[in-house]
Structures are given as structure tokens and as C-alpha cells.
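Peer 1: One structure follows; several queries about it will come next.
Quick note: the coordinates plus some simple rules give every number you see, no bench work behind them. This structure is a prediction, so every number in the text was calculated from the model and none was measured. With ideal geometry, Cβ positions are generated from the backbone for all residues, glycine too; neighbour counts draw on all protein chains shown.
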Amino acid sequence: MAASSVPGWKTAVTKALEEYPKSVVIQLASIDATSPVPQVRSHIFREFLTPTSAPSLPLLVTTTDIRTPKISQVISNSHVQVAWWIEGTQEQFRISGLASVIPAAENALHKHFLHNVKHAPSGSALAAFSKEDFDWEGKRMALFKSMSAHMKASWCRPVPGTRLEGGPDEAKKWPERLEEPGDHADDETRKNWETALGNFALLVVDPTEVDFVELGVMPNRRTRFWRSSSGSWDSEAVVP
């Protein structure tokens, strides 16, 4: 058993992404309070966000639509797990942690996020960010603006998962691209921008345990990492 303030699993992820930068598709599983069936879906890993004062506490950042069912699932039960397979290196990461949703500051659900930050457990990334008075709305805005014009437009659609009224022809009416409105933008462009920005949310996972399997080496290796209440990480080798 080894103790370390540096999460070795994060170093491994970073190294793998440097070699295979397109391996950013992750699987995020959550629990629906009304059903015993786990809910899993693909997400795009956006970045690690790490407190300045606590480099051992990276948050895993992805993005979502505030209207999707996963939002109520995460709010009712913040325990989630991420499965991440990086084909190029033959490595699998299963990251367990606590998820938080960060919607627009004016969204009613933003109060829930502020509650999560205020009551974040000691030794967590959210607790460290709370002490730094981090600008979450600024981060949300910056990530939204970094999206492609096609991706931005996806947040203008009707509520994801609802019935497609009008059939496939209705979908042809949706905006295909969305650029930030300039001084001479028309009202529809401005409305679409505000709609998309209002629906756009960050979803962050504060890791508490990671199961790291290396299948690209012989013999195969497997390491379990877990975060202590102090914010440091312990690890041990386990049978693959």
C-alpha cells in the first residue's frame, strides 16, 4: 500500500490523452430515484479542473443539457461512476465520485449547486474550490463559447428525449449553427443564443476512487486508488 498526494491515475490519463487526444468519450452511469436500473450514457470529457491550492484534487469536467433526465438523477443521488476505455493504450479507468451540476447562475437549480459547494466534504475538490471563491459562471461561459457553432446550436433544440412533434421534417427547422451575436445580430439569433446558453450546464465529477487496469502490458496490471479525508490519495496493486 502506498500513500501519495499526487493522483497517479490522473497522471496516467493525461499521458494517454497526450498520445491519443481523441480518446475523450466516457461513459457516465447514474441512478434514477424511481427505478433500480442504472442509467448510462456517453459523454465527452472536456478537461480536468484543479484547485490552485490542491493539485491532488482534479475535477473531471463534462457538459450537458440542464433539461435532461440525468439532472434529476444526479441531484437525488450524486454518486456516479465513469468508465473510460482508451483503446490506444489498452487502459481502462473506472472513476467513482460525487457529481454536481452547474447550470446558469439564474437557473433555479443553481442554488442546489451552491449548497453542494457549501457542504462539500473535507478533502474534496469542491471544498478546495469553495475556499478559492472560484468563478463557476465564468467557467461555464468560457466552455460554452469554446464549443463549435454546430455544438452550440444543439442546445437550442426542444427538450431532449421528448416526443418529436412533426417528425423528421420538424428537426430540419432547428438551427444548424450558432455564432455569438454581434452588434448587428437579428432578434432570432440573439434569442437562440440566450436559449442555448441557458440550457447549457457543466457536470463535474469529484473522484473518490479509481480502478485502473492496464491491459497493454504483460502481465496485466491493476491498481486501486482511493482518496482519504485529508485529500491525499492511497493506492494498492490488485489482481487484474
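Peer 1: Given R₀ = 30 Å, FRET efficiency for Ser122-Phe48 by Cβ-Cβ distance, to 0.05?
Peer 2: 0.90
Peer 1: Separate question: If you average the C-alpha positions of region 56-97 and of region 98-142 separately, how far apart do those two centres end up, in angstrom?
Peer 2: Answer, in whole Å: 16.
Peer 1: Another one. Spin-label point model (7 Å from Cα, Cβ direction): what's the Gln92 to Glu18 distance in nm?
Peer 2: 2.6
Peer 1: Shape verdict for region 54-154, please, from the Cα gyration tensor: rounded (a/c under 1.5), prolate (a/b greater than b/c) or oblate.
Peer 2: Rounded.
Peer 1: Please give the contour-minus-distance gain from His150 to Lys191: 0.36 nm per residue of separation, less the Cα-Cα distance, rounded to one decimal in nm.
Peer 2: Going from the current span to full extension adds 13.1 nm.
Peer 1: Please work out whether region 85-127 counts as rounded, prolate or oblate from its C-alpha gyration tensor, where a ≥ b ≥ c are the square roots of the eigenvalues and a/c under 1.5 means rounded, while otherwise a/b larger than b/c means prolate and anything else oblate?
Peer 2: Oblate is the answer for region 85-127, as a/c is 1.5 or above yet b/c matches or exceeds a/b.
Peer 1: Something else about it: Calculate the dipole size of region 110-240 relative to its Cα centre from +1 charges on Lys and Arg beta carbons and -1 charges on Asp and Glu beta carbons; express the result in debye to the nearest 20.
Peer 2: My answer is approximately 340 debye.
Peer 1: Could you work out the local net charge near Trp84, counting Lys and Arg as +1, Asp and Glu as -1, over the other residues with Cβ closer than 10 Å to its Cβ?
Peer 2: Here the count lands on 0.
Peer 1: Charges on Cβ only, +1 for Lys and Arg, -1 for Asp and Glu, centred on the Cα centroid of the chain; of Ile66, Val37, Val239, which one is farthest towards the dipole's positive end?
Peer 2: Val239
Peer 1: Something else now. Looking at region 144-232, I'd like the Rg to Rh ratio, where Rg is from alpha-carbon atoms and Rh is Kirkwood's inverse mean 1/r.
Peer 2: 1.24
Peer 1: Where does the longest stretch of the chain lie that holds no trypsin sites (Lys or Arg not before Pro) found in a DSSP loop with 14 or fewer other Cβ atoms within 10 Å?
Peer 2: So the longest stretch without any such site is 23-162.
Peer 1: Separate question: Let's test the formula: R0 of 22 Å, r as the Cβ-Cβ distance of Trp85 and Val217. What FRET efficiency results, to the nearest 0.05?
Peer 2: Efficiency, rounded to the nearest 0.05: 0.90.
Peer 1: Label points 7 Å out from Cα along the Cβ direction at Val238 and Glu176: separation in nm?
Peer 2: Label-label distance for Val238 and Glu176, simple model: 4.9 nm.
Peer 1: A follow-up question, please. Loop-only check: which GluC sites (Glu not before Pro) in region 101-149 are DSSP coil with at most 11 other Cβ within 10 angstrom?
Peer 2: Glu106
Peer 1: As an exercise, use a Förster radius of 25 Å and the Cβ-Cβ distance of Lys139 and His115 to find the FRET efficiency, rounded to the nearest 0.05.
Peer 2: 0.85
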